[in-house]
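Single-structure report; data block below.
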Amino acid sequence: MTFNHKPTIIEKAAEALHVIENLHDHGGDPVPESYQGEQRSCPPPESWDSWIEYDPTSWPEKKAREYMLVPTSCFNCEAGCGLLAYIDKETMQIRKFTGNPYHPASRGRNCAKGPATINQVEDTDRILYPLKRVGPRGSGKWERVSWESVLHDISSRMRKALQEKRNNEISYHVGRPGHEGFMDWVLKAWGVDGHNSHTNICSSGARFGYAIWQLYDRPSPDHSNAKFILLVSAHLEAGHYFNPHAQRIVEGRMKGAKLAVLDPRLSNTASMSDYWMPSYPGSEPAVLLAMAKVIIDEGLYNRAYLENWVNWQQYLEAEYPDRPMTFEAFIEALGEEYQEYTPEYAEKESGVPADTIRDVARQIGDAGERFSTHVWRSASSGNLGGWAVSRTLHFLNVLTGSVGTPGGTAPSAWNKFKPTFHTHPEPQKFWNPLHLPDEYPLAHYEMSFLLPHMLKEGRGKLDVYFTRVFNPVWTYPDGFSWIEALEDESKIGLHVALTPTWNETAYFADYVLPMGHSPERHDLVSYETHAGKWIAFRQPVLRVAHERRGTPKEYTWQANVGEVWEEDEFWIELSWRIDPDGSLGVKKHFESPYRAGEKITINEYYQYIFEHTPNLPEAAKAEGLTPLAYMKKYGAFEVETDVYNVHETPVDISGASLDGSSRTIYRDGKPVGIQVCGDNCTGFPTPSRKQELYSQTMVDWKWPEYRLPAYIRSHVHPETIDRSNNEFALIPTFRLPVLIHSRSGNAKWLAEIAHRNPLWINAGDAAAMGIANGSLVRVNTDIGFHVNRAWVTESIRPGVVACSHHIGRWRRDQDAKGNRWASNLVAINREEKGKWRMRVKESVEPFESPDPDSGRIFWSDGGVHQNITFPVHPDPISGMHCWHQKVRIEKAHADDQYGDVFVDTDRSFEIYKEWLAMTRPAPGPGGLRRPMWLNRPLRPADETYYIK
Ligand code: SF4
């Protein structure tokens, strides 16, 4: 930081007129030496042990404070951007967070949610001590207990379950992941098939569409080198890794790249684009296939890439055995396959003008290998068959040969680091049908949102159920069915909620265990943000600060506020106690790699990983540091740069065999590479080792109609919507850039910026229905309704309404106070079996607390909880919850109030059954539960894949 800044003319004038304080006259006071220097956006690392700044809250008094700067990683979305904590050396308290310029993905930049981490740390409502339920579940009665008793109680119960071979009754359900491989290691060590995640309400639609091409299930675009960028999302402001991606999209555009956006809503991203294509929800694959057709018909494809890296021979063999096995015959067949997907047809389905589709398609063809794309949730998570969005988007990358090229779109795994652990537990010998039931053999992740219904059907029960930063009652569809399940002790024996802050699900727990926010815990982070590979170290900054000043702590909680633990240490402690004598085979995995027979410490756990991270030991040595000390100092490391064309990596063929016709290289009966133009390459990890345009998997698993990239009509296709009855397609999935799913109610700055989620409705539609801006409307879903205010706008296409998914948090009278910057006080009544009603008693208002800002709350709108009025919509193939809803909009009834909710959970169970009937269950070939080659979270032993 410097004060050599020259005043501008405006500043000089303002100072002269005493409009502002004189900032440039130091009044003869010597400016501390540490203030001298060039202007910087961040203090240099050599000053991170002692950095002096004026305290802005003391202004106009110039009060200097000395800080220690400690890097960590943000946890307020999945991007894991770098943060730099400023720790006051006098009070040993965190004062603020800025960006960490040494983080290779975020490069010192953050969105608003990063610095707002300080609000979460200082939240006066946060949980500081472990709590145990003392009344009936959900009654809101708690007592403070010791961590010792918590660990003893839970570990004893788990030990008994493992001894009695009830391994499937232990489940860990994660909301916000992270923990690169940590929990897989823990769960495998326990021998339980216990991983359950939120992914099927988040991203598994898009993931499946990518995986069926190449196994890798996410895109990693190289936006900064692209010539043309196509986003099926609002990715400049929201979505996975949006901050690292957004800055690279802007770099690409500054170098001349064009940006096109498919989105029914005029998002901030769409408003910045060269082409906004407001497609009808679910029609995106029709648009993308029409673009593919233009590229095929006009010969704009990359012949060399298609010829070498696509399984077109397999396609011809299966579909056209009588045709010559030539590339020309393939292109001819492909043209025939997609002949109906004219731009005019796509216009009819989507509303996007045919000329725009043609124009964009030609520019994509012109960009060739420098064509980057992205879709994450968005259309892929909203629609029946949403996985076809990513499949058809990737089709454009394949046609242009822009897979993994400079300026193209790489498979995720190329840019994501996998750590090496000190121990490798065997895959578990159990398959948990509550997580992956046989009806969904291709489900990309666990069918987590069906859990209440499957428990209701008696498919199993849970003895120990951990929820971690996970709030299905609020975040998931059908939250009242979750409450019914969580209240039933015969279905869920013990519910342990690990969470930094109160939430609607923790209210129905048996234990609430306070866990640290991002600067209060360890974690390893790595994501596919650009054409490189990096790791970031989320670390407890106060613990590190204590280490630096010579007052080290044995456990993280000793440096944290109250008795807030970190999860890593909790799992290690718990695991050690599950198996005190080692007889269960658990304990050995939690022994130190450096001290035989002793319990591993958290420093040792990361020490081992960093010592086995390529290039890190060398970089650390160059600075005279150990790898762990290097990561503690910088908080991040770039493992690899310029990662391109990894599929061409030479493969060792010693001991391998070559299939003469397909040129596939096999070892031990498994494909390990492909011979292309005489070179032995690793290729892609698919059965053909190529990009699978033609999917034998889809044929084998009873979906032959989708053997090629296809358009699947959504459950909210216009044919299903009766506009004369005021039915609309509702988009309930979009994110506001400054909010965090269900986790920003404790961040006052964020709640101040955004605290409403009105219903977007097109001005024409509103006028036709006599709905004025701000008026109350009842939004009827298939299981109930909610009451919201209309926001009349031209920024949404006609026939479609939209509502952001962040807001509408609640607590009841009996619940502990939490998230009061954003939560409504509500009354919930079960009028009769399965009939639930919620009404807002008090909305957001100022409250007394040690933080004076809590008395200054000026907003009163806590929003509307819409998700709880949605039934489950499991896609029969990907397993993704299809979020979009067919809704009927009407003016609010006379006795309706803003925020009212009604839900019939009996009806939601019926809808679950209706969607279940759409599946084509396992077994597949050979009696398999699911294809062996596709990934599965926490993959169990091979023998469990077979239905007995
Ligand atoms: S994008 Fe924002 S919320 Fe997400 S990790 Fe980065 S700074 Fe945090």
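Could you pull out every residue, at least 5 positions away or on a different chain, whose amide H is within less than 5 Å of the one on VAL672? Hs are placed 1.01 Å off N in the peptide plane, and Pro or chain starts have none.
ILE665, TYR666, ARG667
Return the FRET efficiency for the residue pair TRP933, GLU640: r is the Cβ-Cβ distance, R0 is 22 Å, and the value is rounded to the nearest 0.05. Write out the running numbers ahead of the final one.
Working: r = 26 Å, r/R0 = 1.18.
Efficiency at R0 = 22 Å is approximately 0.25.
If you take the Cα Rg of segment 846-927 and divide it by 2.2 N^0.38 Å, with N the number of residues, what do you get?
Values: Rg = 20.8 Å, N = 82, 2.2 N^0.38 = 11.7 Å.
Its radius of gyration relative to the 2.2 N^0.38 Å reference: 1.77.
Report the net charge of residues surrounding ALA354, where surrounding means a beta-carbon distance below 15 angstrom and charges are Lys +1, Arg +1, Asp -1, Glu -1.
Working: positive: LYS293, LYS348, ARG358, ARG362; negative: ASP297, GLU298, GLU340, GLU344, GLU347, GLU349, ASP355, ASP359.
In short, -4.
For segment 192-299, which GluC sites (Glu not before Pro) pass both filters: DSSP loop (anything but H, G, I, E, B) and at most 15 other C-beta atoms within 10 Å? Intermediate results must be reported in sequence, preceding the final value.
Values: sites: GLU237, GLU251, GLU298; in loops: GLU237, GLU298.
Qualifying residues, ordered by number: GLU298.
Over the heavy atoms of LYS891, what accessible area does a 1.4 Å probe trace out, to the nearest 10 Å²?
The accessible area of LYS891 comes to roughly 110 Å².
Give a residue-ordered list of calculated ³J(HN,Hα) values for segment 254-271 (Karplus: 6.51 cos²θ - 1.76 cosθ + 1.60, θ = phi - 60°; whole Hz; x for Gly, Pro).
Once θ is set to phi - 60°, the couplings for segment 254-271 become 5, 8, x, 5, 9, 10, 10, 9, 9, 6, x, 10, 7, 6, 4, 5, 4, 5 Hz.
Evaluate the charge dipole of the chain about its Cα centre and quote only its size in Debye, nearest 20, assuming +1 on the Cβ of each Lys and Arg and -1 on the Cβ of each Asp and Glu.
That gives a dipole near 1020 debye.
Just to confirm my numbers, what's the Cα centroid distance between segment 318-341 and segment 44-61 in Å?
Here the answer is 68 Å between Cα centres.
Just round it to a whole percent: the fraction of Cα-Cα distances in segment 457-608 exceeding 28 Å.
On the way: 4149 of 11476 pairs.
Above the 28 Å cut-off, segment 457-608 has 36 percent of its Cα pairs.
Which of the listed residues, SER220, GLY924, ALA656, is farthest toward the dipole's positive end in the chain, when Lys, Arg count +1 and Asp, Glu count -1 at the beta-carbon?
Value: GLY924.
Using 7 Å Cα-to-Cβ label points, what is the ALA622/ALA16 separation (nm, one decimal)?
In this crude spin-label approximation the distance works out to 5.2 nm.
Quick check: residue separation of GLU164 and TYR320 times 0.36 nm, minus the Cα distance between them. What number comes out in nm? All intermediate terms of the calculation are to be shown ahead of the outcome.
Details: separation 156, 0.36 × 156 = 56.16 nm, distance 5.52 nm.
The span from GLU164 to TYR320 would gain 50.6 nm if fully extended.
With a cap of 16 neighbouring Cβ atoms within 10 Å, and only residues DSSP puts in a loop, list the GluC sites (Glu not before Pro) found in segment 36-135. Intermediate values should be presented prior to the final figure.
On the way: sites: GLU38, GLU46, GLU53, GLU61, GLU66, GLU78, GLU90, GLU122; in loops: GLU38, GLU61, GLU78, GLU90.
The qualifying sites are GLU38, GLU61, GLU90.
Want the number for ASP700 to SER50: 0.36 nm per residue separation, take away the alpha-carbon distance, what's left? Can you show the working numbers first?
Working: separation 650, 0.36 × 650 = 234.00 nm, distance 6.37 nm.
The ASP700-SER50 span can extend by a further 227.6 nm.
So what does THR72 come to for accessible area, using a 1.4 Å probe and Å² rounded to 10?
It works out to around 0 Å².
In what sequence, highest mean first, do 316-327, 609-620, 433-444 appear when ranked by Cβ atoms within 10 angstrom? Each step should come with its number before you reach the end.
Numbers: 316-327: 13.1, 609-620: 17.2, 433-444: 22.8.
Top of the packing list down: 433-444, 609-620, 316-327.
For segment 864-934 and segment 477-495, what is the separation of their Cα centres, given in Å?
17 Å
In whole Hz, what ³J(HN,Hα) sequence does segment 200-213 give by Karplus (6.51, -1.76, 1.60; θ = phi - 60°), x for Gly and Pro?
Per residue, the Karplus-derived 3J(HN,Hα) values read 6, 10, 10, 9, 6, x, 4, 4, 5, x, 6, 4, 5, 7 Hz.
In the structure displayed, which of LYS293/LYS670; LYS113/LYS632; LYS588/LYS948; LYS587/LYS817; LYS491/LYS553; LYS533/LYS702 lie more than 29 Å apart, Cα to Cα?
LYS293/LYS670; LYS588/LYS948; LYS587/LYS817; LYS491/LYS553; LYS533/LYS702
Rank these by accessible area, largest first, 1.4 Å probe: THR342, THR529. Before the final figure, lay out the partial values.
On the way: THR342 45, THR529 0 Å².
In descending accessible area the options line up as THR342, THR529.
For segment 140-183, which GluC sites (Glu not before Pro) pass both filters: DSSP loop (anything but H, G, I, E, B) and at most 14 other C-beta atoms within 10 Å? Write down the numbers at each step before the final one.
Working: sites: GLU143, GLU148, GLU164, GLU169, GLU180; in loops: GLU164, GLU180.
Within segment 140-183, the qualifying GluC sites (Glu not before Pro) (loop, at most 14 other Cβ atoms within 10 Å) are GLU164.
Of SER273, SER203, which has the most accessible area and how do the rest follow, probe 1.4 Å?
Numbers: SER273 25, SER203 5 Å².
In descending accessible area the options line up as SER273, SER203.
Take the alpha carbon atoms of segment 243-260, find their center, do the same for segment 111-164, and report the distance between the two centers in whole angstrom.
The two parts, judged by their Cα centres, are 43 Å apart.
Out of LEU574, PRO177, GLY407, whose Cα points farthest toward the positive end of the dipole of the chain (charges: +1 Lys, Arg; -1 Asp, Glu; placed on Cβ)?
The Cα lying farthest towards the positive end belongs to LEU574.
With every protein chain in place, what's the accessible area of ARG839 (1.4 Å probe, Å², nearest 10)?
Roll a 1.4 Å probe over it and ARG839 shows about 90 Å².
Per the Cauchy relation, a quarter of the hull surface: what is the mean projected area of the convex hull of the alpha carbons in segment 481-555, in nm²? Numbers along the way, then the final one.
Working: hull surface 33.1 nm².
That works out to 8.3 nm².
Just to check I understand the Karplus step: with θ = phi - 60° and J = 6.51 cos²θ - 1.76 cosθ + 1.60, what whole-Hz values come out for segment 365-377, glycine and proline as x?
So the Karplus estimates, Gly and Pro as x, are x, 5, 5, x, 5, 9, 10, 10, 9, 7, 9, 10, 7 Hz.
Hey, could you get me the Stokes-Einstein D for the chain, Kirkwood radius over alpha-carbon pairs, 4 °C and 1.567 mPa s, rounded to whole µm² s⁻¹?
On the way: Rh = 29.3 Å.
Approximately 44 µm²/s, per Stokes-Einstein.
Is it possible to state the helix-based mean residue ellipticity at 222 nm for the chain, with each DSSP H run of 4+ residues giving -39500 (n - 2.57), the sum divided by total residues, to the nearest 500 deg cm²/dmol? What is it? Mind dumping the intermediate values first?
Numbers: 27 runs with 243 residues, N = 948.
The helix contribution divided over the chain gives -7000 deg cm²/dmol.
Note down, for segment 267-325, the three equivalent ellipsoid semi-axes (square root of 5 times each alpha carbon gyration tensor eigenvalue), biggest first, whole angstrom. Show your work: numbers first, answer last.
On the way: eigenvalues 221, 41, 20 Å².
Result for segment 267-325: semi-axes of 33, 14, 10 Å.
Quote the relative contact order of the chain in percent (integer), defining contacts as alpha-carbon pairs under 8 Å separated by 6+ residues.
It comes to 16 percent, rounded to a whole number.
Leaving out ligands and nucleic acids, note down the accessible area per residue over the chain with a 1.4 angstrom probe, in whole Å².
Values: 33420 Å² over 948 residues.
I get 35 Å² per residue for the chain.
Once the piece of chain linking LYS588 and LYS429 is laid out straight, how much longer is it, given 0.36 nm per residue of separation minus the C-alpha distance between them?
Details: separation 159, 0.36 × 159 = 57.24 nm, distance 1.82 nm.
Computed gain between LYS588 and LYS429 is 55.4 nm.
Computed over the Cα atoms of segment 630-729, what is the ratio Rg over Rh, Rh following Kirkwood?
Details: Rg = 22.5 Å, Rh = 18.0 Å.
Ratio value, two decimals: 1.25.
Computing the accessible area with a 1.4 Å probe over protein heavy atoms, can you report the carbon and sulfur percentage for the chain? Don't jump to the answer; show the numbers that get you there.
Values: 16780 of 33420 Å².
Result for the chain: 50 percent of the exposed heavy-atom area is carbon or sulfur.
At a 1.4 Å probe radius, which order do LEU128, LEU825 fall into by accessible area, largest first?
Details: LEU128 55, LEU825 20 Å².
Putting LEU128, LEU825 in descending order of accessible area: LEU128, LEU825.
Suppose R0 equals 51 Å; then what is the FRET efficiency for SER724 and ARG459 from their Cβ-Cβ distance, rounded to the nearest 0.05? Mind showing how you got there, number by number?
Values: r = 41 Å, r/R0 = 0.81.
After rounding, the FRET efficiency stands at 0.80.
Between MET92 and TRP749, what FRET efficiency comes out of the Förster formula 1/(1 + (r/R0)^6) with R0 = 22 Å and r the beta carbon distance, rounded to 0.05? Write out the running numbers ahead of the final one.
Working: r = 23 Å, r/R0 = 1.06.
For TRP749 and MET92, the calculated efficiency is 0.40.
Which residue, chosen from TRP821, GLY774, GLY879, occupies the Cα position most advanced towards the positive end of the dipole of segment 748-896, where the dipole is computed from +1 (Lys, Arg) and -1 (Asp, Glu) charges on Cβ about the Cα centre?
Projecting each Cα onto the dipole axis, the largest value belongs to GLY879.
The values are calculated or read from the model by the stated rules, or taken from the named source; none is laboratory data. Note that the structure is predicted; figures quoted are calculated from it, not measured. Note that we place each Cβ from the backbone using ideal geometry, even for glycine, and neighbour counts take in every protein chain shown. When the accessible area is computed, the model is the full protein with side chains, heavy atoms only, and any ligands, DNA or RNA have been set aside. Shrake-Rupley method; radii C 1.70, N 1.55, O 1.52, S 1.80 Å.
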